[in-house]
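Please read the structure below before turning to the comments.
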Amino acid sequence: MYQQEARKGINLYSLLLLLFSLKKMEQDSKLLIKLAHTKMPFGKYEGRFLIDLPEYYVVWYQNKGFPKGELGQQLQLIYELKLNGLEELIRNIKKRYPKP
């Protein structure tokens, strides 16, 4: 009887973990879709999609310090994507999913 209760607990735990993971994946998907459609709001490259910013400009921000807030977080992610050659991932998302 104890084993049955333990299995129910494990199954409930697994289900909760799965639901949490699905919610996290949904949030990450929304974040990437938003990132794909975000444009630089100021400066020399105002109006250009973040993923299309020149690499040297993003590296300059890496060295200088990213802006505070959401834009800074997005630019940090763009830096990591460019560093690892994953720009095409964001460009494909931009083509496949409409602007949120």
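The values are calculated or read from the model by the stated rules, or taken from the named source; none is laboratory data. Remember, it's a predicted structure, so these values are computed and weren't measured experimentally. No Cβ is skipped: glycine too gets one built from the backbone with ideal geometry, and neighbour counts run over all protein chains shown. Areas reflect the complete protein model, heavy atoms only, side chains present, ligands, DNA and RNA absent. Shrake-Rupley method; radii C 1.70, N 1.55, O 1.52, S 1.80 Å.
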| said: Just to be sure before I move on: is Phe20 hydrophobic (A, V, I, L, M, F, W, C), surrounded by 10 or more Cβ atoms within 10 Å (Cβ to Cβ) and at pLDDT 95 or above in the structure I sent? | reply: no
| remark: Inside the range 32-67, the number of residues satisfying the requirement of being open to solvent by 20 Å² or more (accessible area, probe 1.4 Å), β-branched (Val, Ile, Thr) and part of a helix (DSSP H, G or I) is 2
| remark: Exactly one of Glu70, Glu55 is of a type in the set (Asp, Glu), more than 17 Å from Leu86 (Cα to Cα) and modelled with pLDDT of 85 or more, and that residue is Glu70
| note | Among the residues of the range 68-100, the number that are open to solvent by less than 100 Å² (accessible area, probe 1.4 Å) and either within 13 Å of Leu35 (Cβ to Cβ) or assigned to a helix (DSSP H, G or I) (or both) is 22
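Yes/no per residue for (1) more than 14 Å from the chain's Cα centre (by Cα); (2) at positive phi:
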| residue | (1), (2) |
| --- | --- |
| Lys30 | no, no |
| Ile33 | no, no |
| Pro41 | yes, no |
| Pro54 | yes, no |
| Asn63 | yes, no |
| Pro67 | yes, no |
| Glu70 | no, no |
| Gln74 | no, no |
| Gly85 | yes, yes |
